[in-house]
Protein chains: 2
Amino acid sequence: MRDVFHDELDDIGDGVAEMIQLVAAAMQGGTSALLDADLLLAQKVIDADTRVDALRVDLEDRAFQMIARQQPVATDLRVLVTTLHLVADLERMGDLALHVAKIARLRFPDMAVPEEARDVILQMGEVARSLVQKVGEVVEGRDISLAQAIEAEDDSMDALRRKLFTLVLSPRWSHGTEAAIDMTLLGRYYERYADHAVAVARRMIFIVTGQRPVAPTNGLTAPLG
Amino acid sequence: MRDVFHDELDDIGDGVAEMIQLVAAAMQGGTSALLDADLLLAQKVIDADTRVDALRVDLEDRAFQMIARQQPVATDLRVLVTTLHLVADLERMGDLALHVAKIARLRFPDMAVPEEARDVILQMGEVARSLVQKVGEVVEGRDISLAQAIEAEDDSMDALRRKLFTLVLSPRWSHGTEAAIDMTLLGRYYERYADHAVAVARRMIFIVTGQRPVAPTNGLTAPLG
């Protein structure tokens, strides 16, 4: 009985790992579609999100059923409840990558991103990639020190977003209001993607330590995502 | 034993009701602060969010402890697991109201919202108020028909957001890029606030019926928030 339970838990873990891979690929694809004005790739990212949504529904159901049938306690219960939250964060990360791809599709055949904003968006895509890769490593190996490095990378995403605002508000911005709106939304999507990555990392700290991490900014106990 | 359990469940329900009231008041306050350039009110909304965050942490812990200690089954378990999700949505709604208040504070003593956008923002605030009021009624009375009306109101929020874009992109827009960015972010905050209200309503349908609602747009089973 005990072994079946942990086999099922491992299966759920595999599903979470698949979701992480999918939302990582989605944001990389979304960023490439954006910077290359690649309509086919944008559409591929948009279509692929149904798989992420389906995985969330499936994993949420399985975690719920395991709690209901097996009545786990202590760490096992904490893992399952945390899984319910993780899959919600991951599904949302998929949505945000989809939103990025939709901006690429909306502006095709034009480039959504003006030349002088390319570098910032490229860096945001790179930070997103690095963040979600670390999240994957945290979830697989439960390395808390990596979870803390993720908070630092989230700060660099915030700095990039401010850089993007500075560009758009500069008197040299010559791309009008529509492009300004696109950059505002893109900045928001990347920032929220990073926030959800941090939330996943915090959840993992909670699983390993049983302690809620303290939010670095104000010393208050952080809501877990 | 059974009675103590349901007393505790009622206490959690009271906490959820308090969170709903707080995030309703926050968005009403945020909207007023925005439209009246009221710095004191904006600051009040920003400060009040710590109570929402604390309630979330407290309710999440209590729901988790009840699952761990009492090992509830069937509907009771579904209510508790749903509570974990509800409080996450409500905390996020509080954050979004705080973001609205922060734009009011950032632009003070100026008005963040140009004259021709006032009416749309006013209406978005009104739809937000009506939505969250219905959410409160659904949670208290578990009226599924109301949960479905909430989906329709979410559509009107989306329409208002499109109207705001149309205004900002009109050749008559004379308020520059900074105000365009503010309107873009405000539109996003109200839209996401409404999305989370819909997510809460969907969760309540799930509690009452045990069935995941079908997303109206594509016929797919909806992820629950």
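The values are calculated or read from the model by the stated rules, or taken from the named source; none is laboratory data. Model, not experiment: these values are computed from the prediction. Heads up, the Cβs are rebuilt from the backbone with ideal geometry, glycines too, and the neighbour counts pull from every protein chain shown. Calculation scope for accessible area: heavy atoms of the full protein, side chains included, ligands and nucleic acids excluded. Shrake-Rupley method; radii C 1.70, N 1.55, O 1.52, S 1.80 Å.
Buried on complex formation within the range A:133-176 (loss of at least 40 square angstrom of accessible surface versus the isolated chain, 1.4 Å probe, ligands and nucleic acids ignored): A:LEU169. The same position A:SER174 in the other copies lies at 2.6 nm from this copy, comparing label points 7 Å beyond Cα toward the beta-carbon, shortest first. Only helices enter this figure: runs of n ≥ 4 DSSP H residues, each worth -39500 (n - 2.57), summed and divided by the residues of chain B, yield -30500 deg cm²/dmol at 222 nm to the nearest 500. Note on A:LYS134: aspartates and glutamates with a C-alpha under 14 Å away, same-chain residues under 8 apart excluded, are A:GLU126, A:ASP143, A:GLU151, A:GLU153, A:ASP154, A:ASP195. Between the Cα long axis of helix A:74-107 and the first principal axis of chain A there is an angle of about 20°, rounded to the nearest 10.
Chain A packed on chain B takes about 3400 Å² of accessible surface away from a 1.4 Å probe, both sides summed. Taking the longest Cα principal axis of chain B as reference, the axis of helix B:176-209 is set at about 20 degrees.
Annotation for B:ILE144, label-to-label distances across the other copies: 4.5 nm (shortest first, one decimal, point 7 Å from Cα along Cα→Cβ). Gain on full extension, evaluated as 0.36 nm per residue between A:LEU169 and A:ASP36 minus their Cα-Cα distance, stands at 45.5 nm. Please give the helix A:2-36 orientation as an angle from the longest Cα principal axis of chain A, in degrees from 0 to 90, rounded to the nearest 10. So the helix axis and the longest Cα principal axis differ by about 0 degrees.
Counting only trypsin sites (Lys or Arg not before Pro) that DSSP places in a loop and that have at most 16 other Cβ atoms within 10 Å, the longest clean stretch of chain A runs over A:1-141. Solvent-accessible area assigned to carbon and sulfur over the protein assembly as shown amounts to 52 percent, based on a 1.4 Å probe.
Calculated FRET efficiency, B:GLU178 to B:SER145, Cβ-Cβ distance, R0 = 60 Å: about 0.85 to the nearest 0.05. For the residue pairs A:LYS102/B:LYS102; A:LYS102/A:LYS163; B:LYS102/B:LYS163; A:LYS44/B:LYS102, the alpha carbons lie more than 25 Å apart in A:LYS102/B:LYS102; A:LYS44/B:LYS102.
Of interest is the spacing of the C-alpha centroids, which for the range A:116-133 and the range A:68-96 amounts to 28 Å.
Between A:ARG118 and B:GLN211, the simple spin-label model (points 7 angstrom out along Cα→Cβ) gives 5.3 nm.
Enter the accessible area per residue of the protein assembly as shown (Å², integer; probe 1.4 Å; all protein chains in place). With all protein chains present, the protein assembly as shown gives 42 Å² per residue. Plainly put, the tip 7 Å out from Cα toward Cβ on A:SER130 is 4.7 nm from that tip on each other copy, the closest given first.
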